[in-house]
Amino acid sequence: MTRPCNHCDGLSRSRLLHRALAEAGSGLPAIEPGMPLPAGTGLTRRHFLAKSVGAAVAVYGGSLLGLRAFEEGIAAAASGPAAPILVSIFLEGGADGLSVLSPQGDPLYKKLRPQLALAGGTQFAEDNRLYWHPALGGLQQLYSEKKVTVLPAVGYTHADQSHFTSRHYWEVGATAATLRTGWLGRYLDRVGKKDNPLQGLSLDDTLAPALATSKVPVASISGPDQYDFYSKRVWGEVEQRMLETIGLMGHQPADAGLRTAGNVAAQVDRLRRQLIPFQSSNGISGPVQYPQSNDPFPQRLAGLAAMLAAGLPLHCVALTAPGEYDTHADEPTALTQGLQLTSDSVLAFQRDLEARGLADRVLVHIWSEFGRRAAENGDSGTDHGAAGVGFLVGTRVTGKMVGEFPGLQKGLDGDGNVSATSDFRGVYASLLEQWFGVDAAAVLPKAASFTRPKLVA
Amino acid sequence: MWRGTFGAAQAERLLWRAGFGPRPREAQKLARLGLEGAVHKLTHPAREHLVGPRPHDENGRPLAPFDAWGHDHVWWLDRMVRTSRPLVERMTLIWHDWFATSNNGVGSQRLMLNQNQLFRRHGLGSFHDLLLDVTEDPAMLLWLNGSDNSKDSPNENYAREMMELFTLGADRGYTEGDVRQQARALTGFRNSWSQNSGPVNFRYDPQSHDPGVKTIFHHRGRFTWKDSCRLCVTHPDHPSFFVRKLWSYFIPEAPDHATQRALERLYKSSKYEVRPVVAAILRHPALYKGPRLVKPPVVYNAGLLRRIRRGIDTTAWTWLGSMAGQQLFYPPNVAGWDDTRWLDTATWRGRWWIAQYVLDRQALDPDRAYQPYDAGKLLDHACRFWHNPPLGRDTHHALHTFAHRALGDAKGASWKREQYPVMVQNALRQLIAVSPELQAA
C-alpha cells in the first residue's frame, strides 16, 4: 500500500522545505524527499543532489566579506545610478485563472463549473468573454489607467502539476530540474555587486529561490520592520549604545572562525542601522494608506516603498502574496480573500510609488506556479491545472494583453487544463531585455527559442 | 597527536567540539586528566546520568516529545544540556545530520525519536551496524521510500542516497547501474497504513523482495539489503569518504594527506569502528592549533544553558532554534544542514534571541539591583557571570568602551548613576553571549 496522496499536504511540505532551506542558508532546495517523482519529466533525485551547489550558492552570502568592503559597497551602490526595480509577487499554491478572469462568455464555462461559475462583474476590455474577479477592483482600476498588462494563459507546455516542481521551474526560469540558481539570482550574478546584499531582497521569512545567486550576496528579511533586537531591562541610551557595539566585537581577528562571526555581526549591525527608519516603533509613514490586515503583506509593500524612497540600493525584490490559492475545496471564500488583499495592496503600493515619484522605476510581476483544472471537483474546489493568469503592473507596461484566452472548447489540453498561450520564459526574456536591458541569453537557458512579447512601453 | 599544552583553554575547546561546552569549572577538571585522559574519558563514558533539573514546559508540565509540536526539539536539547556523556550526544547529532531524516517527510515524532535512540545507541560503535539499523529504521523507510521499494515497482531513492550521501559520496565509485541494482537488493521492506495511526507494521516481506541475481560494484550475487550495506561499507572508496566527512564535524579545515590516509587505515583496521577514529581526531593537533569552528545553533543554545546551569523550562527553544537555522528533526533535506554556513544576518539574529531567552529570567531590575558605577568592574562581573569565557582583546575593548560611554551618559543625573550600571550589566551579559568568541570555539 502506498502513502495516501494529498495535494494540500504536498503544498505545505514544499513550503516547509523552502522555509527550512532558506533558514539554513544553503541555496535552492533539492527535490522534496519522499515526494513522487514528477511523471514524464525524466527527473530523478540524483540530478538535484549531484548537481547541487549548495556550498557555492550564497543565499545570504557575504560572510567572507570584511566590514569596510561591505559598508563601502552599500554606500557606493546607493550613490550610483538608479537601477530599474523588479518586484516579484508569488501567488503560492496555483491560483485559479478561470476565476481570476472568468470566461463567462464561453459556453462551456457553466458546464465545467456548475457550482463555482462566477456571474456578472466587470468585463475585461480586451476579450469580452472574460470578466474580472470582483475582488480585483484595484488591479482593474490600474488596468483602466493602462498600468496593467494581463497574461490570460501563461505557463509552459506539458505543465508539471507538482507544486514543488512547477514552482521550481518558474523560480529557475527553465523547465530544468538541475538549475540551482534562480533566474533573478543569475541576473544579479551578472550585474550585481559583491558587497551589496540588498540588491536581491526577499521580504519574507526566507530567501525566495528565484533570488538564489552563486556569486553575489542577497538578503532576506521578514519585513523592514522585523529586524529588531531586544534585551530585557536595557533601554534608552544604554540600549542604543549596546546595539551599536554589536558590530565592533572581534573586529578583524586572525582566526577564521572568529572572523566569520565578526563579519556577520558587522553585517547585522549594518543591516540594522539601514532598517532603523522602518522599524514599527518609528512607523512607516508614507503618503498612502495601505489595507489594514493581520497579514504582513501590505506593510511589507509599504516598507518597500519607504526603502526605495530612502535610496537603498534594491534591485530585485520578492514577496509571497497573502492568501491560500491551493483551492481544492471551498474555493470561493479563500480565493476572494487572497485576491482582495493582494490587489488592494498592490494598488496602494502603486499609488505610493506615484506619490513618491518612483513609479517609473518599478515594475511588479504577479505569478503563480500553475492554474487549475477547468472542470471543478466535487468539493467546491478545483485541482491542479496548467496555464494560469499573470499580471505586470507599473507605469511603464504596455497595458496590452500578452497571449490570449484560448477558450474552453479548443484551449484545453488532454488533461482538461488550460493550454498556455504565452510562455513564462518568454516573459522573463522580455523583462531581462526590455526592463533590465541585458541579453536574456546570458541569463536564461535556450533564451533564443522563446518569443519575447513586448512588455515595456 | 597534540603535544602542546593541554590546559583549561584546550579542554574547553575539546568540550565544545566533542560536546556542548563546559559546565562551570568542567574545563579545568578535564584539563587535569591531560589530553590522553580527557579523550579517553569522552570516548569511553560511564553509564549516562542526567545532571540538573528535569525538563518541563512553560506551564510546569512534563514534556510530551512524542505528541506535542516542538517538544521533540526541547526533549533532545535537554539531553544535550544534562547528559554526562557529551560525546555520545554530539555523535547522535552528527548521525542525525549524516543520515538526515526530516519529520516533514516522516510525519511521526515517535518514529523520529525512535531513530534518535538508534543514533544514540550506535554513537561510537560500528558504522556497519549503524548503517544496517538505519536501513531498516521505520523513519528512514518512510523518508526515502524504502518501504515503497518492491520487486514490482522499485524505488531508487534510498539506494542512491545510501551511496551518494551516506557511504561513498557523489559520483564516487558507483554507476547509475549500481543504483538500480542496489535498489533491487534493497527491496522487501513494507509497512501498512492505518486510518488512525498512519504508518504501522513495518516489516521485511520476502514476497516483496527481488530474489534475482544483481551486479553491484562488479560483484554478482543474489544480494539482499544486508549485502547492500556490506558492499557499501567494504567499498574501497568508503573509508576516505567516511574519514573526510567525520573530520569535518570536528575540525573546519580538511585534514592533510598523511592524516587522511592514517585515519583511513585506522578505520579499516578497526573493522569500521567509529570510536578509534573520533578519538584520533580529538587528539589531533589541528583541533587545537587550527581556527575555531562556528557552533551549530543547538550546540550554542545548549552550551549557554549548561554554562549557567539552567534546565529546560520553556519550549521556546524550538522556534528560536528554527530562527537560528536549526530545528532538530527537521533538517533542510536529506543532505542535512550546511555546517559551513550557520551564520548570516538572519540566523545571527536568531542567536541574539536565544541569548536573550537564556538571560531573561536573570535580567537585573534597575529599580532594585545594585551594580558598581565602574566600567571595569561591570565588565569583570559580566565575564564572571558567564564563567570567564576567553574574550579576545578587540571584544574586550569594545565591551569596555561600551560600558565606559554608557556610564558617561549617566553623569548628569543621580537616578541614571544608579540605574545605568544595572542596565549596562544586563547589556554586557547579552553582548558577551553573542560575541564572536561565544559563537565559535
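The values are calculated or read from the model by the stated rules, or taken from the named source; none is laboratory data. None of these values were measured; they are calculated from a predicted model. A quick note on method: Cβ atoms are made from the backbone with ideal geometry, for glycine too, and the neighbour counts reach across all protein chains shown.
When you go through (1) without any contact (Cβ under 8 Å) to a residue 12 or more places away in the chain; (2) facing chain A (nearest Cβ under 10 Å) one by one for B:THR101, which number turns out not to apply?
(1)
A quick yes/no check of all residues on (1) surrounded by fewer than 18 Cβ atoms within 10 Å (Cβ to Cβ); (2) touching a Pro at 6+ places or on another chain (Cβ under 8 Å); (3) of a type outside the set (Gly, Ala, Ser):
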site	(1), (2), (3)
B:PRO276	yes, no, yes
B:LEU282	no, no, yes
B:PRO285	yes, no, yes
B:GLY290	yes, yes, no
B:TYR300	no, no, yes
B:LEU305	no, no, yes
B:PHE329	no, no, yes
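Out of the residues in the range A:427-436 that are surrounded by fewer than 23 Cβ atoms within 10 Å (Cβ to Cβ) and touching a residue at least 24 places away in the same chain (Cβ under 8 Å), state the one that is nearest to A:ALA176 (Cα to Cα).
A:SER430
Given the structure, is A:VAL389 closer than 13 Å to A:SER99 by Cα and either among the acidic types (Asp, Glu) or outside any loop (DSSP other than H, G, I, E, B) (or both)?
yes
Is the range B:386-402 home to any residue that is more than 7 Å from every other protein chain (Cβ to nearest Cβ), of a type in the set (Asp, Glu) and farther than 25 Å from B:ALA18 by Cα?
no
Go through the residues of the range B:340-361 one by one and say whether even a single one is within 12 Å of another protein chain (Cβ to nearest Cβ), at pLDDT below 95 and under 24 Å from B:ASP237 (Cα atoms).
Scanning the range B:340-361, I find at least one residue that is within 12 Å of another protein chain (Cβ to nearest Cβ), at pLDDT below 95 and under 24 Å from B:ASP237 (Cα atoms), so the answer is yes.
Looking at B:GLY321, is it under 17 Å from the mean Cα position of the chain (by Cα), at positive phi, surrounded by 23 or more Cβ atoms within 10 Å (Cβ to Cβ) and within 11 Å of chain A (Cβ to nearest Cβ)?
On the way: under 17 Å from the mean Cα position of the chain (by Cα): yes; at positive phi: no; surrounded by 23 or more Cβ atoms within 10 Å (Cβ to Cβ): yes; within 11 Å of chain A (Cβ to nearest Cβ): yes.
No; evaluated as a whole, the condition is false for this residue.
Tell me, please, whether a residue that is part of a helix (DSSP H, G or I) and of a type in the set (Ser, Thr, Tyr) can be found in the range B:301-317.
Scanning the range B:301-317 turns up no residue that is part of a helix (DSSP H, G or I) and of a type in the set (Ser, Thr, Tyr).
Can you spot a residue in the range B:138-147 that is more than 23 Å from the chain's Cα centre (by Cα) and small (Gly, Ala, Ser)?
Looking for residues that are more than 23 Å from the chain's Cα centre (by Cα) and small (Gly, Ala, Ser), one finds at least one in the range B:138-147, hence yes.
Using the structure shown, decide if B:GLU89 is within 18 Å of B:ARG121 (Cα to Cα), acidic (Asp, Glu) and modelled with pLDDT of 95 or more. Quick ask: steps written out before the conclusion?
Details: within 18 Å of B:ARG121 (Cα to Cα): yes; acidic (Asp, Glu): yes; modelled with pLDDT of 95 or more: yes.
Criteria met by B:GLU89.
Applying the selection to the range B:1-23, what residues are part of a loop (DSSP other than H, G, I, E, B) and exposed (fewer than 14 other Cβ atoms within 10 Å of the Cβ)?
Passing the criteria: B:MET1, B:ARG3, B:GLY4, B:THR5, B:GLY7.
Within the range B:47-60, is even one residue over 27 Å from B:ARG121 (Cβ atoms), in contact with a helix residue (DSSP H, G or I) (Cβ under 7 Å, 6 or more places away or on another chain), surrounded by 15 or more Cβ atoms within 10 Å (Cβ to Cβ) and in contact (Cβ under 8 Å) with a residue 12 or more places away in the chain?
No, there is no match, as no residue in the range B:47-60 is over 27 Å from B:ARG121 (Cβ atoms), in contact with a helix residue (DSSP H, G or I) (Cβ under 7 Å, 6 or more places away or on another chain), surrounded by 15 or more Cβ atoms within 10 Å (Cβ to Cβ) and in contact (Cβ under 8 Å) with a residue 12 or more places away in the chain.
Determine whether B:ARG160 is in a helix (DSSP H, G or I), without any contact (Cβ under 8 Å) to a residue 60 or more places away in the chain and either within 21 Å of B:ASP210 (Cβ to Cβ) or of a type in the set (Ser, Thr, Tyr) (or both). Full working, then the answer.
Details: in a helix (DSSP H, G or I): yes; without any contact (Cβ under 8 Å) to a residue 60 or more places away in the chain: yes; either within 21 Å of B:ASP210 (Cβ to Cβ) or of a type in the set (Ser, Thr, Tyr) (or both): yes.
So B:ARG160 passes the test.
Of B:LEU378, B:LEU364, which residue is in contact with a helix residue (DSSP H, G or I) (Cβ under 6 Å, 6 or more places away or on another chain) and within 10 Å of another protein chain (Cβ to nearest Cβ)?
The unique qualifying residue is B:LEU364.
What is the residue count in the range B:151-167 for residues that are surrounded by fewer than 23 Cβ atoms within 10 Å (Cβ to Cβ) and more than 10 Å from every other protein chain (Cβ to nearest Cβ)?
3
Out of everything in the range B:365-385 that is among the hydrophobic types (A, V, I, L, M, F, W, C) and surrounded by fewer than 19 Cβ atoms within 10 Å (Cβ to Cβ), what residue ends up being nearest to B:VAL294 (Cα to Cα)? Please lay out each step first, then the result.
Residues of the range B:365-385 among the hydrophobic types (A, V, I, L, M, F, W, C): B:369, B:375, B:378-379, B:382-383, B:385.
Imposing the further condition that a residue be surrounded by fewer than 19 Cβ atoms within 10 Å (Cβ to Cβ) reduces the set to B:369, B:383, B:385.
Working: B:ALA369: 35, B:CYS383: 21, B:PHE385: 22 Å.
The qualifying residue nearest to B:VAL294 (Cα to Cα) is B:CYS383.
Name the residue that is nearest to B:GLY350 (Cα to Cα), counting only residues in the range B:405-429 that are facing chain A (nearest Cβ under 7 Å) and buried (at least 24 other Cβ atoms within 10 Å of the Cβ).
B:ALA427
In the range B:348-364, which residues are of a type in the set (Val, Ile, Thr) and either part of a loop (DSSP other than H, G, I, E, B) or surrounded by 23 or more Cβ atoms within 10 Å (Cβ to Cβ) (or both)? Give the derivation first.
Step one: of the range B:348-364, the residues of a type in the set (Val, Ile, Thr) are B:354, B:358.
B:ILE354 - this is the single residue of the range B:348-364 that is of a type in the set (Val, Ile, Thr) and either part of a loop (DSSP other than H, G, I, E, B) or surrounded by 23 or more Cβ atoms within 10 Å (Cβ to Cβ) (or both).
Hey, can you tell me all the residues within the range A:431-445 that are among the hydrophobic types (A, V, I, L, M, F, W, C), assigned to a loop (DSSP other than H, G, I, E, B) and farther than 17 Å from A:TRP170 by Cβ?
First, the residues of the range A:431-445 that are among the hydrophobic types (A, V, I, L, M, F, W, C): A:431-432, A:435-436, A:438, A:440-444.
Of the ones still in play, those that are also assigned to a loop (DSSP other than H, G, I, E, B) are A:436, A:438, A:443-444.
Result: A:PHE436, A:VAL438.
Looking at the range B:253-269, is at least one residue among the basic types (Lys, Arg) and surrounded by 21 or more Cβ atoms within 10 Å (Cβ to Cβ)?
Filtering the range B:253-269 for residues among the basic types (Lys, Arg) gives B:261, B:265, B:268.
Still in the running and surrounded by 21 or more Cβ atoms within 10 Å (Cβ to Cβ): none.
No, there is no match, as no residue in the range B:253-269 is among the basic types (Lys, Arg) and surrounded by 21 or more Cβ atoms within 10 Å (Cβ to Cβ).
Can you list residue pairs whose Cβ atoms sit under 7 Å apart, with the first residue in the range B:417-434 being more than 9 Å from B:GLN371 (Cα to Cα) and the second being hydroxyl-bearing (Ser, Thr, Tyr)? Count only pairs 6 or more apart in sequence or on different chains.
B:ARG417/B:TYR373; B:ASN426/A:SER231; B:ALA427/A:SER231; B:GLN430/A:SER231; B:LEU431/A:THR245
List the strands (runs of 3 or more DSSP E) inside the range B:168-226, counting only whole elements, that have at least 1 residues being within 30 Å of the chain's Cα centre (by Cα). Full working, then the answer.
On the way: elements: B:189-194, B:198-204, B:214-216, B:219-221.
Because the criterion is at least 1 residues that are within 30 Å of the chain's Cα centre (by Cα), the strands (runs of 3 or more DSSP E) in the range B:168-226 that meet it are B:189-194, B:198-204.
Condition (residue is in a helix (DSSP H, G or I), within 22 Å of B:ASP338 (Cα to Cα), modelled with pLDDT of 95 or more and within 14 Å of another protein chain (Cβ to nearest Cβ)) applied to the range B:248-260: is it met by at least one residue?
yes
Could you say whether any residue in the range A:403-420 is under 20 Å from the mean Cα position of the chain (by Cα) and surrounded by 18 or more Cβ atoms within 10 Å (Cβ to Cβ)?
No, the conditions are met nowhere in the range A:403-420.
Quickly run through the range A:242-256 and pick out the residues that are surrounded by fewer than 22 Cβ atoms within 10 Å (Cβ to Cβ), at the interface with chain B (Cβ under 7 Å from one of its Cβ atoms) and without any contact (Cβ under 8 Å) to a residue 40 or more places away in the chain.
Correct list: A:LEU248, A:PRO253, A:ASP255, A:ALA256.
Inside the range A:346-380, can you point out the residues that are aliphatic (A, V, I, L, M) and not in a loop (DSSP other than H, G, I, E, B)?
Selection gives A:VAL346, A:LEU347, A:ALA348, A:LEU353, A:ALA355, A:ALA359, A:VAL362, A:LEU363, A:VAL364, A:ILE366.
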